[in-house]
1. Using only the Cα atoms of segment 68-116, construct the convex hull and provide its projected area averaged over every direction, in square nanometres to one decimal.
2. At q = 0.12, 0.15, 0.24, 0.25 Å⁻¹, what log₁₀ I(q)/I(0) does a Debye calculation on the Cα points of segment 104-184 give, no solvent, two decimals?
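No lab work stands behind these numbers, since they all come straight from the coordinates. Quick caveat, the model's predicted, so the values are computed rather than measured.
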Amino acid sequence: FVSLLALAACNTSSPANILGLGGGKDKEIAALPSDTITESELRAFCPGVELREGTAFFTKYAAGGAATDTTEADKTKVIHQASLSEVTRACTYSGDTLTMNVAAAGRLVPGPKAAAVQVTLPIRVAVTSGEAVLYSQLTQFPVTVDPAGGAATFVFNDPNVVLPKPTDRSYRVFVGFDEGAPKA
């Protein structure tokens, strides 16, 4: 707190103005925002986000490059590889509803068969409670690939995860790549 006051003091001519005690136009800056957080909101349950095992990495191959039942993947036919590493979330409550903004940081690395284009990465956010699936959304997230520029970082977020207010702490939130069902 003292550091914040010291930092704020660098931007004003009077310490009284920092605390809203002085007159003048700086007084408006010290006013509390109208949407302050209550103690119950601060202590409210906000489920953590996990990377589901096997979904943190995604590799896209050119035709004939993907592994099959009888062959291994051909690394010379990799178009790009993507990974998700850091995940986070923010929660807000309104009545009987919990709204979450789920985010994940990722990295996209071009492979030998990459071209400078915009690709879509299939990223799914899912929320479960026990065996019940409360939310599941697959997003085709665009990321630009530039083979000459090397790896690109990106941040994915789904700000619209709307759920019933939890009655216990059984909610689990997952984020990861999801190619969908294998093609026949």
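1. 6.4 nm²
2. At q = 0.12, 0.15, 0.24, 0.25 Å⁻¹ the computed log10 ratios are -0.47, -0.66, -1.15, -1.20.
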